[in-house]
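The values are calculated or read from the model by the stated rules, or taken from the named source; none is laboratory data. None of these values were measured; they are calculated from a predicted model. Ideal geometry is used to build each Cβ from the backbone, glycine not excepted, and the neighbour counts take in all protein chains shown. For accessibility, only protein heavy atoms count, side chains too; no ligands or nucleic acids. Shrake-Rupley method; radii C 1.70, N 1.55, O 1.52, S 1.80 Å.
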Number of protein chains: 2
Amino acid sequence: MSQTATVNGPLNGVDVPTLFATLDVVKGQRDLATFQFRAKSRWVAGNHSQLTSQGFYGAGTENEHQRTFVFDADHPAVLVGKDNGPTPVEFILYALAACITAGIGNIASARGVTLTRVESTVVGDIDLQGIFGMSDEVRNGYKQVKIRFTIEGDAPAETLREIVEQSRDRSAVYDIITNGVPVEFEVA
Amino acid sequence: MSQTATVNGPLNGVDVPTLFATLDVVKGQRDLATFQFRAKSRWVAGNHSQLTSQGFYGAGTENEHQRTFVFDADHPAVLVGKDNGPTPVEFILYALAACITAGIGNIASARGVTLTRVESTVVGDIDLQGIFGMSDEVRNGYKQVKIRFTIEGDAPAETLREIVEQSRDRSAVYDIITNGVPVEFEVA
């Protein structure tokens with residue numbers, strides 16, 4: 001990251017000086033890095049649910065999003081749903097693509113690289129015999145996920161590739177999906 | 001599931017006869033259970049990306065959603081983003097809540113239980129020292145996720161609890177998050 005010293009202002013929509021200042025503050029007070037994200041869901045009908053964003057804890061305090069985000073999820077007609085929203089498993093794909101993309105924005109900016117295009121396609125292969133309970137040998141979730149990035153900017157292809165790979169290596173969602181997370185489950 | 005024979009029509013917005021007919025067809029032709037879900041992402045600026053739903057393969061053919069779903073993801077101001085959407089890690093929480101909720105809709109309906117309320121709160125604890133690259137001992141993703149369901153309907157509490165637990169045990173997203181999935185990564 002030897003180019004970082006040359007970035008004295010915003011780049012790619014990232015306020016680079018503030019980004020570095022934020023990292024410096026956290027380096028000096030590590031508990032500011034403790035975050036808790038939250039969501040609420042409400043069943044509507046059939047397979048249709050509504051998800052609502054919540055405030056989150058982080059940087060030593062409670063925070064609110066600037067507005068409340070509301071999403072619908074459902075199953076498609078072929079799975080006897082009403083297609084009022086994406087399937088729950090598609091939200092996993094959104095999370096992965098968005099996380100690595102956000103990191104690319106930060107890393108490229110910190111390295112002084114101006115981005116002109118970052119796109120990805122992501123697919124998840126799943127055998128529904130698992131969730132249908134038809135086979136004990138088939139898992140419930142995706143067998144595999146594939147994500148493919150296209151990136152363009154004012155740096156050599158090799159540098160752009162490194163930025164994407166560095167973002168993957170620092171991606172929260174990539175870690176969650178590839179390594180798993182313990183889930184505590186409760187019915188009130 | 002001994003009550004299933006008594007459900008002759010729609011319940012809770014689930015067309016139960018069609019649900020069972022669909023399962024019967026798949027039992028007879030297992031390759032119909034092969035699905036592939038897809039998404040596209042496009043970087044907008046900074047940490048902001050836009051996710052767009054795509055068609056999906058399943059039940060032996062290409063399928064389209066009834067409409068295209070578009071979502072924004074971003075980082076909040078405290079993480080030097082513009083808060084144009086939830087964070088990528090919040091989409092993980094939405095996926096989990098939506099998946100188990102959709103299953104509850106199906107399972108309760110198949111068992112002849114009328115639901116009046118299903119809600120969940122889900123939280124994910126994360127130490128951002130991981131993604132900030134400040135500690136090799138801290139993982140990038142959530143340390144743990146906790147989900148808590150409230151369910152009401154015309155069945156004993158024990159039956160309602162069993163329905164939620166059965167849905168968890170057949171949840172694609174619960175499996176993805178707790179057990180992980182291999183991710184194939186490519187930069188074009």
When you scan the stretch A:123-176, how many residues do you find that are over 23 Å from B:G55 (Cβ atoms) and out of contact with any helix residue (DSSP H, G or I) (no Cβ under 7 Å at 6 or more places or on another chain)? 18
For the stretch A:13-33, state whether one or more residues are in contact (Cβ under 8 Å) with a residue 24 or more places away in the chain, among the small types (G, A, S) and out of contact with any helix residue (DSSP H, G or I) (no Cβ under 6 Å at 6 or more places or on another chain). yes
Please determine, by comparing only the residues of the stretch B:165-179 that are surrounded by fewer than 17 Cβ atoms within 10 Å (Cβ to Cβ) and more than 14 Å from the chain's Cα centre (by Cα), which one is nearest to the other protein chains (Cβ to nearest Cβ). B:N179
Of all residues in the stretch A:35-60, which are open to solvent by 60 Å² or more (accessible area, probe 1.4 Å) and farther than 30 Å from B:A110 by Cα? A:Y57
Residues in the stretch B:135-173 that are over 29 Å from A:D136 (Cα atoms) and touching a Leu at 6+ places or on another chain (Cβ under 8 Å): how many? 2
Checking B:V145 against (1) open to solvent by 30 Å² or more (accessible area, probe 1.4 Å); (2) at the interface with another protein chain (Cβ under 8 Å from one of its Cβ atoms); (3) not hydroxyl-bearing (S, T, Y), which single condition isn't satisfied? (1)
From the list B:T101, B:T34, B:T61, B:T22, which one is in contact with a Gly (Cβ under 8 Å, 6 or more places away or on another chain) and hydroxyl-bearing (S, T, Y)? B:T34
Test A:T18 against the criterion of being surrounded by fewer than 15 Cβ atoms within 10 Å (Cβ to Cβ) and within 7 Å of chain B (Cβ to nearest Cβ), and give yes or no. yes
Determine whether B:E162 is at the interface with chain A (Cβ under 7 Å from one of its Cβ atoms), farther than 20 Å from B:E90 by Cα, of a type outside the set (K, R) and open to solvent by 40 Å² or more (accessible area, probe 1.4 Å). no
